[in-house]
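Contents: one structure, followed by commentary.
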Amino acid sequence: MNLDNETAEKLIKALNGFSKSMNEFNNTHPDGLRLDPETFDIINSLNYNLKNFNQENE
């Protein structure tokens, strides 16, 4: 996918914000929500991938 700089910067900012929100939620609610293991794994994987993407594009 090719993005112009402005769009890429907006995407990075949005993804950083989402990842920070996930971290804040996890820190505030360390016991989290009661999710089935598959749903938890999907959300955890999404957050992990966002963190990696964000670190590579900072």
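Any read-out appearing in this document is the output of simple, stated calculations on the displayed coordinates, not a laboratory observation. Predicted, not measured: the structure shown is a model, and the values here were computed from it. Every residue, glycine as well, gets a Cβ built from its backbone with ideal geometry; the counts of neighbours run over all protein chains shown.
See the values below:
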read-out: Dipole magnitude of the chain, debye to nearest 20 (Cβ charges: Lys/Arg +1, Asp/Glu -1, about Cα centre); value: 140 debye
read-out: FRET efficiency for Q55 and D31, using Cβ-Cβ distance with R0 set to 22 Å, rounded to 0.05; value: 0.20
